[in-house]
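Participant: The following block contains the structure, expressed as C-alpha cells.
The values are calculated or read from the model by the stated rules, or taken from the named source; none is laboratory data. Because the structure is predicted, anything quoted here is derived from the model rather than measured. Note that each Cβ is placed from the backbone with ideal geometry, even for glycine, and that neighbours are counted across all protein chains shown. We work out accessible area using only protein heavy atoms, side chains counted, and drop any ligands, DNA or RNA first. Shrake-Rupley method; radii C 1.70, N 1.55, O 1.52, S 1.80 Å.
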Amino acid sequence: MKKADKEIKKVFISYSWTTEDHKRWVRELAENLLANGVDVVLDVWNLKPGQEKYAFMESMVTSKGIDKVLIICDRGYKEKADDRTGGVGTETQILTPKIYGDVSQEKFIPIVSERNEETNEEYVPTFIESRVYIDLSSPSSFDENYEQLLRTIYEAPSLTKPKIGATPTWLFEEPLEHFATSRIVSQMEKIIDVHPDRMKFLILQFKDEFLNSLSKIEFQEPNDDNTRDDVLMSMIDKSLLLKNDYAKVVSYYLQVEDQNDDFFVEFFEDLVDHISGFEKKVYYQTQFDQYKFLVHELFVVTMMTILKYGRINLFSKLINQDYFLRKNRNQATDFVVFRDYVQILDERNTRLGLKRVSLHADTLKNRYSEREFEEFIDVELLLYYISKINPNIRGEFNYWFPVTYFYKDMFNPKPIKLLNKLKSKSFFEENGSFLGISDKAKLRNAIRGCKGEAGYGGGGSRRIPEIDISITADELCSRP
C-alpha cells in the first residue's frame with residue numbers, strides 16, 4: 001500500500017496539568033507526533049473558550065474519528081485519578097467504563113512519563129494499571145519506545161511497511177536502518193536550547209546507532225542482473241541518509257559549550273575500527289569502497305562544520321592528532337588515513353564509458369548544494385596544503401589528495417579564508433598551529449615549496465591549484 005492510500009491517524013491526549021515542566025513535556029510529545037504525520041487533539045490547542053470541558057473530553061473518548069487516546073501517567077495524574085478529584089477524576093469516570101466496556105481496549109494507550117524516584121515504580125492509576133503501557137520516562141529508552149508508540153498508533157508492528165500520508169518514510173519503508181539516527185537528530189534539535197546538558201548523552205547514543213547502521217550498507221554478492229559497481233554505487237547512495245544525519249549532529253554538537261572535543265577523535269577511530277571488522281569476510285578488493293567513500297566525506301564534513309563555527313583550535317587538534325587504528329596495529333597515524341582511494345568508482349567510470357575526470361568527485365557534487373560544494377572543495381584543498389606543509393604528517397608521499405579540486409573556479413578563484421587570514425601576524429600567532437610550524441621563516445620556506453601536483457591525468461584536467469591563490473610566502477604575517 002502506498003503512503004497516499006493510508007488515512008491520517010488522529011489521537012487525543014489526556015493528561016494532568018501537574019507542573020509547567022510536565023505540560024511542556026506533553027506539548028513536546030504532541031509536536032513530535034504532529035511532525036510524524038499524526039493529527040493530535042490537545043486541550044490547549046482544541047478546547048475553545050466557552051466550551052464545556054467535560055463534554056469535550058467525553059466526545060473525544062467516544063468519537064469514531066479518534067483512533068487512539070493517549071493517557072499520560074505522571075504522579076499528578078495517578079493521584080487525581082485514584083482519588084477521583086479534579087478534572088482528571090472526572091475524566092477517569094468517563095474513561096473507566098469505556099476501557100472495560102465495548103470500546104476496543106486497543107484505543108487507550110497508557111504512556112508513563114514519570115517514575116517514583118525512590119522506588120522506580122511507574123505512576124499508573126488503578127483503573128488502567130493492568131493494561132500494557134509505553135514507557136517514555138527515561139531518556140535512554142525514549143527513542144526506542146517512541147517508535148513503539150508510533151507503530152501502535154499506525155498499527156504497523158513490522159519494521160517494513162508501505163508509506164502513508166505525511167508519515168516519515170523511515171517508519172514504514174527502511175532501505176537503511178535510519179530510524180534511530182534520525183530520531184536522535186530530532187531530539188537534539190528540540191533540546192539544544194532547552195536541555196543542552198542532554199547533548200552529551202545523545203551524541204554518544206548517536207555514535208552507537210550510526211555504527212550499527214553501517215551493516216546496512218555492507219557489500220552483498222551481486223546477482224546475475226547486477227555488477228559489483230552497481231551494488232556498491234547503490235550502497236554509496238544509501239549512505240547519504242547517514243551522512244546527512246551526521247552533518248546535523250555535528251552542527252548541533254558544536255553549538256553547545258563545554259562539550260568533549262575528543263568525541264571526534266574517538267568517533268573516527270571507532271568508525272574505521274568498526275568497518276575493519278567487516279573486512280574479515282573479504283571477497284573482492286573493492287567491496288569496502290562504499291565505506292572508504294563515506295569516511296572521507298565525513299571527515300571533510302566535520303572540518304567544514306568546525307570551521308563554520310570558528311572552532312579553529314578544534315580544527316588544529318584534529319589536524320595534529322595521533323589516531324590509533326586496529327588496521328594500523330594501533331600505531332599512531334595522522335588524519336590522511338581517512339582519505340582512501342575509492343577504486344570501484346574508477347572501474348565504473350571505465351565500464352560505462354563515462355569519460356569523467358573523477359566519478360568520485362561527481363558523486364560528491366551531487367550530494368551538496370552549490371554553496372556547500374564550494375566549501376567542500378576549499379576544505380579538501382586546505383587539507384591537501386596542510387598535509388604538504390605540516391611536518392606532523394608522516395611520509396614523503398603521504399598527503400591528502402583533493403578529489404574535488406578540478407571543480408574549483410580558477411578563472412576567478414576565491415582564496416581559502418583560513419589561509420588568507422594568515423596574512424595577519426596576530427591571527428597566525430593565535431591560530432596558526434594547524435600548519436605545525438611556529439617559526440615564520442621556516443613556514444615561509446614551506447609555503448614556497450608547496451607546489452600543486454599534476455592531479456588527475458588525461459581528460460584535459462588541470463593541475464591542483466597552487467597555495468598562492470590564498471596566500472604567498474611573502475604575505476605571511478605581513479599585516480598586524
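Participant: Grab the other residues whose beta carbon is less than 13 angstrom from that of Tyr384, score K and R as +1, D and E as -1, and report the net.
Facilitator: After counting each charged neighbour, the total is +1.
Participant: Sticking with this one: Sort Glu297, Glu58 by heavy-atom solvent-accessible area, probe 1.4 angstrom, most to least.
Facilitator: My answer, sorted largest first, is Glu58, Glu297.
Participant: Among His360, Thr119, Trp17, whose Cα projects farthest towards the positive end of the dipole of the chain, with charges put on the beta-carbon of Lys, Arg (+1) and Asp, Glu (-1)?
Facilitator: Comparing the listed Cα positions along the dipole, His360 ranks first.
Participant: To continue, here is another question. Heads up, I need the accessible area for His195: 1.4 angstrom probe, whole protein in place, Å², nearest 10.
Facilitator: Accessible area of His195: about 70 Å².
Participant: Averaged per residue, what accessible area in Å² does the chain show with a 1.4 Å probe, protein chains only?
Facilitator: Counting only protein heavy atoms, the per-residue value for the chain is 48 Å².
Participant: Need the list of aspartates and glutamates near Lys10 for cross-linking: C-alpha distance under 18 angstrom, and skip anything on the same chain fewer than eight residues off.
Facilitator: Excluding near neighbours in sequence, the set is Glu28, Glu31, Asp39, Asp43, Glu58, Asp67, Glu106, Glu147, Glu155.
Participant: Can you compute the modelled spin-label distance between His195 and Phe324, with each label point 7 Å from Cα toward Cβ, in nm?
Facilitator: 3.5 nm
Participant: Could you please put Asp237, Asp289, Asp474, Asp67 in sequence from largest to smallest accessible area, using a 1.4 Å probe?
Facilitator: These residues rank, largest area first, as Asp474, Asp237, Asp67, Asp289.
Participant: Let me ask another. Quick check: Cα centre of region 351-409 to Cα centre of region 111-127, how many Å?
Facilitator: If we compute the Cα centre of each part, the gap is 55 Å.
Participant: Same structure again: Heavy atoms only, probe 1.4 Å: what % of the accessible area of the chain goes to carbon and sulfur, would you let me know?
Facilitator: Its accessible area is 46 percent carbon and sulfur atoms.
Participant: Between the helical axis of 20-35 and the dominant principal axis of the chain, each derived from Cα atoms, what acute angle in degrees is found, rounded to the nearest 10?
Facilitator: For helix 20-35, the angle is close to 70 degrees.
Participant: Using heavy-atom solvent-accessible surface (probe 1.4 Å) with all chains present, what is the largest-first order of Val301, Val357?
Facilitator: Listed by decreasing accessible area, they come as Val357, Val301.
Participant: Let me ask something else. How charged is the neighbourhood of Lys64? Take every other residue with its Cβ under 12 Å from the Cβ of Lys64, and add Lys/Arg as +1 and Asp/Glu as -1.
Facilitator: Spelling it out: positives minus negatives among the neighbours equals +1.
Participant: Starting from the exponent 0.38 and prefactor 2.2 Å, build the expected Rg for region 356-410 from its residue count and divide its actual Cα Rg by it.
Facilitator: Against the empirical 2.2 N^0.38 Å value, I get 1.23 for region 356-410.
Participant: What is the magnitude of the charge dipole of the chain about its Cα centre, with +1 placed on the Cβ of each Lys and Arg, -1 on the Cβ of each Asp and Glu, and no other charges, expressed in debye to the nearest 20?
Facilitator: The calculation lands at about 1660 debye.
Participant: Also: For Arg115, what residues show an amide H to amide H distance below 5 Å, using hydrogens built from the backbone and excluding near sequence neighbours?
Facilitator: It is none; the list stays empty.
Participant: For the chain, what log10 I(q)/I(0) values come out of the Debye formula at q = 0.08, 0.10, 0.11 1/Å, with one point per alpha carbon and no solvent?
Facilitator: -0.63, -0.86, -0.97
Participant: Kindly give Rg over Rh for region 228-368, based on alpha-carbon atoms, with the Kirkwood expression for the hydrodynamic radius.
Facilitator: 0.98
Participant: Ok, one more. Report relative contact order for the chain in percent, whole number only (criteria: Cα-Cα under 8 Å, sequence separation at least 6).
Facilitator: Answer for the chain is 9 percent.
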